[in-house]
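Chemist: Structure below; questions to follow.
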Amino acid sequence: MTPIARGAWTVEALVTAGAWLLAILWVLPLAYAVWTAFHPGEYSTRFALDAPLTLQNFRNAWAAAPFARYFANTVALVTLVLAVQLVLGTLAGYAFARYEFAGRDIAFWLVLVQLMITPDILIVENYDTMSRLGLVDTVPAIGLPYMASAFGIFLLRQTFKTVPRELEEAARVEGASGLQILWKVYVPLAKPVYVAWGLVSVSFQWNNFLWPLVITNSVESRPLTVGLQVFSSTDQGIDWSIICAATLLTAAPLLVAFLIFQRQFVQSFMRAGIR
Amino acid sequence: MNRFQANIHGWLLLLPAAVLLVAFTHFPAVATLWQSFFSTGKPNRPAVFVGLENYRTLIEDDVFWQSLWNNVWYAVGTIPVSIALALVMALAVNRGLRGRAFLRMAYFTPTVLPMIAVANIWLFFFTPQYGLLEQATGLFGLPSHNWLGSPSTALVCVIAVAVWKEAGFFMIFYLAALQQIPPVYAEAAAVEGAGRWYYFRRIVFPLLMPTTLFVLVNAVINSFRLVDHIFVMTRGGPDNASSLVLFYLYEVGFKFWDTAYAAALTMVLLAALASIAIAQFALLEKRTHYR
Amino acid sequence: MSLKRSLNALVAAAALAVGAAHAQQTEISFYYPVAVGGPITKIIDGLAADFQKENPGIKVTPIYAGTYQETIVKALTAHKSGNPPVTSVLLSTDMFTLIDEDAVVAVSDLAKSAEDQAWLSGFYPAFMFNSQTGGKVWGVPFQRSTIVLYWNKEAFKEAGLDPNRPPATWSEMVEYAQKLTKRDASGNVTQWGVQVPSSGFPYWLFQGFTTQNGVELMNSAGTETFYDKPEVIDALQFWVDLSRKHRVMAPGVIEWGTTPRDFFERKTAMMWTTTGNLTNVRNNAKFDFGVAMLPANKRRGSPTGGGNFYVFKKSTPEQQQAALKFIRWITTPQRAAQWGIDTGYVAVTPAAWETPVMKKYVEGFPAAAVARDQLQHAVAELSTHENQRVTKALNDGLQAALTGAKPPAEAMRDAQREAERILRPFRR
């Protein structure tokens, strides 16, 4: 082995070791959740190989809070927000990319403002708005401030701009209207962008906490995150077994979805050119 | 299509998004500014115009200043570290190392586990004596430390959790960008006899610049936005050592019910974000050209 | 055809009857903070259903709103948007806040009959301190607690102490704790003597110390605090000394949520926590434990804690009367006793402790009566106008002193100055 090759080998080993160390650190909370959820309470702080397995924590967690309902609320929220975001983002992105209208540049800057001034910061004022609209404690109220997404509009504008004008001209010659062109030409070409954006949006809404905490009061509208918090903050001290079981229950769908689709996710990001 | 039609169509397409944006971003921002000049109305004391009174209170409010400084440290602590780690992770996964699927899954866990749930688990990690961190340090005979209960370490713990959350998320963007770099470059560099480090510094890193900027924008926003774990881990304590501006804003707005003062606080956040935004957009204009 | 028509008529009539029944029914929404572990929601649901069975005209709809903090947020926002619950269990200390927001009606104004008045005077006086101001009763005690001391009898035995004799005074607590603190060869502590949590709401536990030191933290009008009185500073000095001077308690801020677990894990031999933890400790401690009143200095003492029933203003008189009926029903001796047994909270009336079921329970589990016996020494929990802010000022000062950031005297003076600033407008 030449000295150079040996050096390269050492670097390689170091990189691998580092990558694994990071991975282990990063997976630790999940690993702990799995360990604790499947073992009796006294093993939540002790890691003995002979610890008995149990599903009781899941049973307790499921019985202790209406997770099914929280689940339904979160799914409804995520779907609603995503659907509206996609439609509005597509229309607005198309307008910015392909229409010359008065005040376009100013409008675009005003949209970009939301990239920085996220709705999370305007909770006090938005709360007022919601109560004036009579929407406090409803699922739409959780979603409304996020439905027009500057991020999505920006992303789609950039993507639509890359679509060759010729394609549009061809469709126009065939007599297609503006919306038809959008639907037939632009949307299909932007598919990877939609997937990538969808992933970001879903994971954001799924994990969002502060605004839902403020705007919801009841089981009927509370999403999983708020439900989990309500469930785990007790006066009597923390019961990690049941919290971990609940965490796994709530994170399972996203986790499984990621495991199944991880290749597609990364590839769609790649094509979306989010970079 | 004539000019008039283009105007109508353009605005019509924009309208639905514009209505929502105005209603939930621009209007509240302006309304908050307006509100910040009034006192908080109570049933027996209606709101009155007080001019800059709320801002004067703000300047004298030690908790606010501490939260602001904490927030600066929080930003300084999370942004560079999480971006650097994200890049390292992406490079590692992109390498095709042994067990790549596991690595990818591990790095991705923060994105699927809600912060609020994980905070409870981190609470256990940081618990004195029998917490995971203590069990680990105990193996090396290190003395026990009350991580979340000491003002000197509470903020660090909160930062660590934020880094964990962010790095995993940003890794995805870097990974996507890395996969877009044509392998020809690496081959060419190898032929030229360029070292790995040289290749990364001169070719990969510049190609990743747009991603880095995108991630940076997100990291900056998140350093003001990401406070979920504080609700579980420290509630801003001990003695506000881990309180951040948005967390304090929540306390003032929804625990003390002082909406006018909360409005003034919101304005500070908005001002901070706006100035950072302007700086960043200027940078963006200079450094990258979006297609 | 005619059969079908008559069937239709029948259905219509039935629908009408159902509608009429609905119209007569008074619905009362009831916010309840699920801040206690265990299957509490099922108990509450059961109670609501039982009540409805006995009172068909009233439908109680419990809404579980999370912690106390979250529940009052929900209740107040709902109040501001014009649609508050009819009744809610909220912290007794929220009384001034609720009055200032004009959100609640005085229960003593609703309960006018002689019978009602007798019922209102049937609660432990200690619980009423936090339930009345300005000559009116605003809250009805329901799930109330005090702080007690739990001790690990096995650890006492190992340390050569009498396992059945808890510390009765401050000096005894320090002395015992010194014997109970175990260190390994390298000087690291493996078991602390005592643990008094200080995260979240340290003021509550601090009130144990101040009361025992013979001093109150606020006036009963809720317009003035006494954070910088010498006795208060002394009390804080003692708390700080537990870890800094005597080295029998972990330094820094101790998390409330993990304290019971620390006790189960034998990381502390004694702990101060709520009586509401009794059931939890009973289920999870793998050793023999005892429950005692807090130790005395100048006197014994503990603040009360926990939740009261409030009735909201923006509901109809019928709803308010229905709510009153429900509250009276749920605090009858029999039910108060059962509630105490099921949850570990202190049953709120002397009569409840005289019921056979309670007597039998106490016989089998004497620890349950400790909190009751402590009530004669109990004082009102810290509660003022702008309660959350005034309390935060104290909490911050306490944490600053406990973490060594400020000396106790300075911390308390700062806290008092802040409280003074907040409360000044209320003294006009």
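Chemist: Over 29 Å from C:VAL253 (Cα atoms), out of contact with any Asp or Glu (no Cβ under 8 Å at 6 or more places or on another chain) and free of Cβ contacts under 8 Å to residues at least 40 places away in the same chain - does that describe any residue in the range B:253-271?
Modeler: yes
So that you can scan it fast, the table gives a plain yes or no per residue for (1) outside any helix (DSSP H, G or I); (2) among the hydroxyl-bearing types (Ser, Thr, Tyr); (3) under 28 Å from A:GLN205 (Cβ atoms):
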residue	(1), (2), (3)
A:GLU42	no, no, no
A:THR45	yes, yes, no
A:LEU49	yes, no, no
A:VAL78	no, no, yes
A:LEU82	no, no, yes
A:LEU86	no, no, yes
A:THR90	no, yes, yes
A:ALA95	no, no, yes
A:TRP109	no, no, yes
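Chemist: Those residues that are within 8 Å of chain B (Cβ to nearest Cβ) and either among the acidic types (Asp, Glu) or surrounded by fewer than 19 Cβ atoms within 10 Å (Cβ to Cβ) (or both), I need them from the range C:389-419; list them, please.
Modeler: C:ASP396, C:ALA405 - these are the residues of the range C:389-419 that are within 8 Å of chain B (Cβ to nearest Cβ) and either among the acidic types (Asp, Glu) or surrounded by fewer than 19 Cβ atoms within 10 Å (Cβ to Cβ) (or both).
Chemist: On to the next question. Would you check if C:PRO350 is more than 30 Å from C:PRO230 (Cα to Cα), surrounded by fewer than 16 Cβ atoms within 10 Å (Cβ to Cβ), in contact (Cβ under 8 Å) with a residue 24 or more places away in the chain and not assigned by TED's automatic domain parsing to the domain that holds C:PHE209?
Modeler: Criteria met by C:PRO350.
Chemist: From the list B:LEU91, B:LEU21, pick out the single residue that is in contact (Cβ under 8 Å) with a residue 12 or more places away in the chain, assigned to a helix (DSSP H, G or I) and surrounded by 14 or more Cβ atoms within 10 Å (Cβ to Cβ).
Modeler: Every option except B:LEU91 fails the conditions.
Chemist: Is one or more of the residues making up the range C:85-94 among the polar types (S, T, N, Q), modelled with pLDDT of 90 or more and not in a helix (DSSP H, G or I)?
Modeler: yes
Chemist: Here are C:ALA296, C:ALA285, C:ALA292, C:ALA369: which of them is over 27 Å from C:VAL104 (Cβ atoms) and either within 14 Å of chain A (Cβ to nearest Cβ) or charged (D, E, K, R) (or both)?
Modeler: On the way: C:ALA296 fails: either within 14 Å of chain A (Cβ to nearest Cβ) or charged (D, E, K, R) (or both); C:ALA292 fails: either within 14 Å of chain A (Cβ to nearest Cβ) or charged (D, E, K, R) (or both); C:ALA369 fails: either within 14 Å of chain A (Cβ to nearest Cβ) or charged (D, E, K, R) (or both).
The unique qualifying residue is C:ALA285.
Chemist: What is the residue count in the range C:274-309 for residues that are assigned to a loop (DSSP other than H, G, I, E, B) and either over 23 Å from C:ASN130 (Cβ atoms) or not charged (D, E, K, R) (or both)? Show your work before the answer.
Modeler: Applying the first criterion (assigned to a loop (DSSP other than H, G, I, E, B)) to the range C:274-309 yields C:285-288, C:293-295, C:297-301.
Filter once more, so that each one left must be either over 23 Å from C:ASN130 (Cβ atoms) or not charged (D, E, K, R) (or both): C:285-288, C:293-295, C:297, C:301.
Within the range C:274-309, residues that are assigned to a loop (DSSP other than H, G, I, E, B) and either over 23 Å from C:ASN130 (Cβ atoms) or not charged (D, E, K, R) (or both) number 9.
Chemist: Consider A:ALA102 carefully, then state whether it is more than 7 Å from chain B (Cβ to nearest Cβ) and either surrounded by fewer than 20 Cβ atoms within 10 Å (Cβ to Cβ) or touching an Asp or Glu at 6+ places or on another chain (Cβ under 7 Å) (or both).
Modeler: Working: more than 7 Å from chain B (Cβ to nearest Cβ): no; either surrounded by fewer than 20 Cβ atoms within 10 Å (Cβ to Cβ) or touching an Asp or Glu at 6+ places or on another chain (Cβ under 7 Å) (or both): yes.
No: the conditions fail for A:ALA102.
Chemist: OK, next. Quick check on my filter: what residues within the range A:180-199 are within 9 Å of chain B (Cβ to nearest Cβ) and modelled with pLDDT under 85? If you could, list the steps in order and put the result at the bottom.
Modeler: The initial filter retains those residues of the range A:180-199 that are within 9 Å of chain B (Cβ to nearest Cβ), namely A:182, A:196, A:199.
Correct list: A:ALA196, A:LEU199.
Chemist: If you don't mind, there's one more thing I want to ask. With the requirement that a residue be in contact (Cβ under 8 Å) with a residue 60 or more places away in the chain and either small (Gly, Ala, Ser) or not in a helix (DSSP H, G or I) (or both), what does the range A:191-205 give you?
Modeler: Those that are in contact (Cβ under 8 Å) with a residue 60 or more places away in the chain and either small (Gly, Ala, Ser) or not in a helix (DSSP H, G or I) (or both): A:ALA196, A:GLY198, A:SER201.
Chemist: On to the next question. Find the residue count for the range C:99-131, including only residues that are over 18 Å from C:ALA323 (Cβ atoms), surrounded by 13 or more Cβ atoms within 10 Å (Cβ to Cβ) and away from chain B (no Cβ under 14 Å).
Modeler: 7
Chemist: Yes or no: C:ALA368 under 30 Å from C:ALA250 (Cα atoms), in the same structural domain as C:VAL105 (by TED's automatic domain parsing) and part of a helix (DSSP H, G or I)? Walk me through how you get there before you give the answer.
Modeler: Working: under 30 Å from C:ALA250 (Cα atoms): yes; in the same structural domain as C:VAL105 (by TED's automatic domain parsing): yes; part of a helix (DSSP H, G or I): yes.
Taking the combined requirement at face value, the residue satisfies it.
Chemist: Look at A:ALA83 and say whether it is surrounded by 21 or more Cβ atoms within 10 Å (Cβ to Cβ) and either more than 9 Å from every other protein chain (Cβ to nearest Cβ) or modelled with pLDDT under 85 (or both). Walk me through how you get there before you give the answer.
Modeler: On the way: surrounded by 21 or more Cβ atoms within 10 Å (Cβ to Cβ): no; either more than 9 Å from every other protein chain (Cβ to nearest Cβ) or modelled with pLDDT under 85 (or both): yes.
Spelling it out, it is not the case that A:ALA83 is surrounded by 21 or more Cβ atoms within 10 Å (Cβ to Cβ) and either more than 9 Å from every other protein chain (Cβ to nearest Cβ) or modelled with pLDDT under 85 (or both).
Chemist: Based on what the data block shows, is C:GLY222 touching a His at 6+ places or on another chain (Cβ under 8 Å) and away from chain B (no Cβ under 14 Å)?
Modeler: Yes; evaluated as a whole, the condition is true for this residue.
Chemist: Still on this structure, please answer the following. Tally time: how many residues in the range C:69-83 are more than 20 Å from A:TYR70 (Cα to Cα), more than 7 Å from chain A (Cβ to nearest Cβ) and buried (at least 23 other Cβ atoms within 10 Å of the Cβ)?
Modeler: Going through the range C:69-83 one residue at a time, the tally reaches 2.
Chemist: If you don't mind, there's one more thing I want to ask. State whether the residues of the range A:55-68 include one that is surrounded by fewer than 16 Cβ atoms within 10 Å (Cβ to Cβ), under 30 Å from A:VAL195 (Cβ atoms) and at pLDDT 90 or above.
Modeler: no
Chemist: Being part of a loop (DSSP other than H, G, I, E, B) and buried (at least 16 other Cβ atoms within 10 Å of the Cβ) is the filter here, so list the residues in the range C:169-185 that pass it.
Modeler: Step one: of the range C:169-185, the residues part of a loop (DSSP other than H, G, I, E, B) are C:181, C:184-185.
Answer for the range C:169-185, where residues must be part of a loop (DSSP other than H, G, I, E, B) and buried (at least 16 other Cβ atoms within 10 Å of the Cβ): just C:THR181.
Chemist: I would also like to ask the following. Tell me, please, whether a residue that is more than 21 Å from A:VAL84 (Cβ to Cβ), hydrophobic (A, V, I, L, M, F, W, C) and surrounded by fewer than 22 Cβ atoms within 10 Å (Cβ to Cβ) can be found in the range A:142-162.
Modeler: no
The values are calculated or read from the model by the stated rules, or taken from the named source; none is laboratory data. Keep in mind that what you see is a predicted model, and the values were worked out from it rather than measured. Reconstructed Cβ throughout: ideal geometry from the backbone, glycine too, with neighbour counts over all protein chains shown.
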